[in-house]
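The values are calculated or read from the model by the stated rules, or taken from the named source; none is laboratory data. The structure displayed is predicted, hence computed values, not measured ones. As a convention, Cβ positions derive from the backbone with ideal geometry for all residues, glycine included, and neighbour counts pool all protein chains shown.
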């Protein structure tokens, strides 16, 4: 039977048939998603096929200049094929089939596409096989399944031969070499091994080695599920957690391949992994850029629809409904239309989902938000105590603050990847360095970069009505310190207090940076005002131990030779701004005070009423902060509500 992957020609169990798909796109969100697919497919009708030298708005021009088969062009080519094939399947219009076949023929042509591999990955072995190989094989074989009944015998043979020649045989030839993506458990594994497994499922009996491709992939993909933390934490940064989709699509494909006998999305890490991503998504729907991620990237939400459909989970359905749009505008992913099931209700998160959570595995990430408004929650605070297994930055202890849907105290995210020759000196690029994050640094030394250079979450507390606090011990990430402990309080709605307790063997220089979304200047007393487009943040940094502090604004620059990307061109100098506080001592307590004000709300300054007490007027009343010994407390003097945290619990 064809089609048989993601859609079935007749009704099988709970799988979605072509006729059910056609019905689902007639109204509501299903219709809006379909309209987006159809509009883009119609725009493709008279366009030339995409090649590695193609320029288009979503693509960084550097890759087109180098004719590099980067992620963006491979994704765009695959999506053009899938859109056209799906529209043809739904409408029977041969013009869309022609678009798919033109792009497919181009991909098979060595002159147009010399490589199905990124230039940056060519050093990893021969024949060249990488993420692009897995992506293109998957999309081409899926289109083959959807187009199958309309193809001539010659067209079928051409497609199978092309996928075999460009992808399957190079992949099988590499396996005896034991490439890292065969034995590791991250996005390369799920994209390459899982992608070729999906290729086997889609080609089925039309390729003699389909069964072999599936048998190789299935145990490895199941083993990949063991890499998730006990609460669904992905073993890479949340910016790379879109790779969860690769496992979701694999097991969705397998569910269709087994004709609904195997539905592995209902168990394992998938529902919890979605909730982990939810907690690390900031309004209006961007992933928190911890680790090796990028600022302002929409959360990958389409796999939420697949997990919601498989589990009938209304919370995951709500998240997809409210966060798919930004991703669709950027990625135009046909999977969203395929996976969305309008028979699953969407349940609002307010009241049913905690406002904060601390995750103790991998990046050891924490988030706290005032509510689940998907666009303009008053304040969200994110933090972390660890470093991820892959795609890690030296960001142990990082704290960021968003207000009313925009970042104020920020994580800079990643630059375009540096050259592989700098792998052992990656911290020389400030994005990867501890000096490029909102953490204390000691003696001008970089953080340790070994696997054991991890902090830990000592304690945490979350109160739905009043706020949250947590304590991070990040000592293990530093060289030659006695202890470094960071305590964070988020007092609803917009008060954030951070205390750094730093104990050293002998007096040394200490710096603390706060990276700001604007280019504000500090006063001599450590006060500064961050101005976003709508929200503002009033801040002040003080020394509880009485030592002298100096404050200044600085900005980062890439310095030769650490100023080139992996294609050899100069990095873009963004001159990203920060407020830096400097002091010297062996026992230092730095207190950072923040208050977020929304649109139309006046900003007042932090006032010191005695050496251990500060107040500020907010739209909700006057807030007082007390820092006595190792204890931090915050109280609203008008309402009497308070939160108290101990900086170093016994």
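Points worth noting:
- Among residues of the stretch 171-204, those that are in contact (Cβ under 8 Å) with a residue 12 or more places away in the chain and either farther than 25 Å from residue 242 by Cβ or exposed (fewer than 14 other Cβ atoms within 10 Å of the Cβ) (or both), counted: 7
- Test: residue in the stretch 229-236 that is in a helix (DSSP H, G or I), touching a residue at least 24 places away in the same chain (Cβ under 8 Å) and crowded, with 24+ Cβ neighbours inside 10 Å: no
Rundown of residues vs (1) assigned to a loop (DSSP other than H, G, I, E, B); (2) within 20 Å of the chain's Cα centre (by Cα); (3) over 24 Å from residue 326 (Cβ atoms), yes/no style:
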site	(1), (2), (3)
345	yes, no, no
371	yes, no, no
387	yes, yes, yes
392	yes, yes, yes
402	no, yes, no
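Every residue, every condition in (1) within 30 Å of residue 449 (Cβ to Cβ); (2) in a loop (DSSP other than H, G, I, E, B); (3) in contact with a strand residue (DSSP E or B) (Cβ under 8 Å, 6 or more places away or on another chain); (4) free of Cβ contacts under 8 Å to residues at least 60 places away in the same chain, yes or no:
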{"site": "226", "(1), (2), (3), (4)": "yes, no, no, yes"}
{"site": "243", "(1), (2), (3), (4)": "yes, no, yes, yes"}
{"site": "249", "(1), (2), (3), (4)": "no, no, no, no"}
{"site": "274", "(1), (2), (3), (4)": "no, no, no, yes"}
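- Here residue 407 fulfils each of the conditions (1) touching a strand residue (DSSP E or B) at 6+ places or on another chain (Cβ under 8 Å); (2) in a helix (DSSP H, G or I) apart from (2).
- Test: residue 318 is over 28 Å from residue 72 (Cβ atoms) and assigned to a loop (DSSP other than H, G, I, E, B): no
- Of the residues in the stretch 287-305, none is over 24 Å from residue 131 (Cα atoms), modelled with pLDDT under 95 and part of a loop (DSSP other than H, G, I, E, B).
- Within the stretch 577-587, one or more residues are touching a helix residue (DSSP H, G or I) at 6+ places or on another chain (Cβ under 9 Å) and touching a residue at least 40 places away in the same chain (Cβ under 8 Å).
- Selected residue (criterion: farthest from residue 313 (Cα to Cα)) from residues of the stretch 251-266 that are in contact with a helix residue (DSSP H, G or I) (Cβ under 9 Å, 6 or more places away or on another chain) and part of a loop (DSSP other than H, G, I, E, B): 261
- All positions within the stretch 373-385 that are in a loop (DSSP other than H, G, I, E, B) and surrounded by 24 or more Cβ atoms within 10 Å (Cβ to Cβ): 379, 385
- Scanning the stretch 325-334 for any residue that is surrounded by 22 or more Cβ atoms within 10 Å (Cβ to Cβ), under 20 Å from residue 18 (Cα atoms) and over 18 Å from the mean Cα position of the chain (by Cα) turns up at least one such residue.
- Hey, residue 534 in contact with a strand residue (DSSP E or B) (Cβ under 7 Å, 6 or more places away or on another chain), part of a loop (DSSP other than H, G, I, E, B), surrounded by fewer than 18 Cβ atoms within 10 Å (Cβ to Cβ) and touching a residue at least 60 places away in the same chain (Cβ under 8 Å) or not: yes
- Strands (runs of 3 or more DSSP E) wholly inside the stretch 538-633 that include at least 1 residues being at pLDDT 95 or above, over 28 Å from residue 503 (Cα atoms) and more than 29 Å from the chain's Cα centre (by Cα): 613-618, 621-628
- For the stretch 321-341, the tally of residues that are part of a loop (DSSP other than H, G, I, E, B) and modelled with pLDDT under 90 stands at 2.
- Helices (runs of 4 or more DSSP H) fully within the stretch 33-143 counting 3 or more residues that are within 27 Å of the chain's Cα centre (by Cα): 61-65, 71-91
- Search result, residues across the stretch 2-35 that are in contact with a strand residue (DSSP E or B) (Cβ under 7 Å, 6 or more places away or on another chain) and surrounded by fewer than 13 Cβ atoms within 10 Å (Cβ to Cβ): 10, 11
Residues checked against (1) buried (at least 23 other Cβ atoms within 10 Å of the Cβ); (2) without any contact (Cβ under 8 Å) to a residue 60 or more places away in the chain; (3) under 24 Å from residue 361 (Cβ atoms):
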{"site": "428", "(1), (2), (3)": "no, no, no"}
{"site": "432", "(1), (2), (3)": "yes, no, yes"}
{"site": "450", "(1), (2), (3)": "no, yes, yes"}
{"site": "458", "(1), (2), (3)": "no, no, yes"}
{"site": "468", "(1), (2), (3)": "yes, no, yes"}
{"site": "481", "(1), (2), (3)": "no, yes, no"}
{"site": "486", "(1), (2), (3)": "yes, no, yes"}
{"site": "506", "(1), (2), (3)": "no, no, no"}
{"site": "509", "(1), (2), (3)": "no, no, no"}
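- Residues that are in contact (Cβ under 8 Å) with a residue 40 or more places away in the chain and closer than 23 Å to residue 325 by Cβ were ranked within the stretch 43-59; the one that is surrounded by the most Cβ atoms within 10 Å (Cβ to Cβ) is 44.
- Single residue of the stretch 360-372 satisfying the filter (in contact with a strand residue (DSSP E or B) (Cβ under 7 Å, 6 or more places away or on another chain), buried (at least 18 other Cβ atoms within 10 Å of the Cβ) and modelled with pLDDT of 95 or more) that is nearest to residue 227 (Cα to Cα): 364
- Screening 175, 140, 147, 182 for residues that are in contact with a helix residue (DSSP H, G or I) (Cβ under 6 Å, 6 or more places away or on another chain) and within 19 Å of residue 250 (Cβ to Cβ) leaves exactly one candidate, 140.
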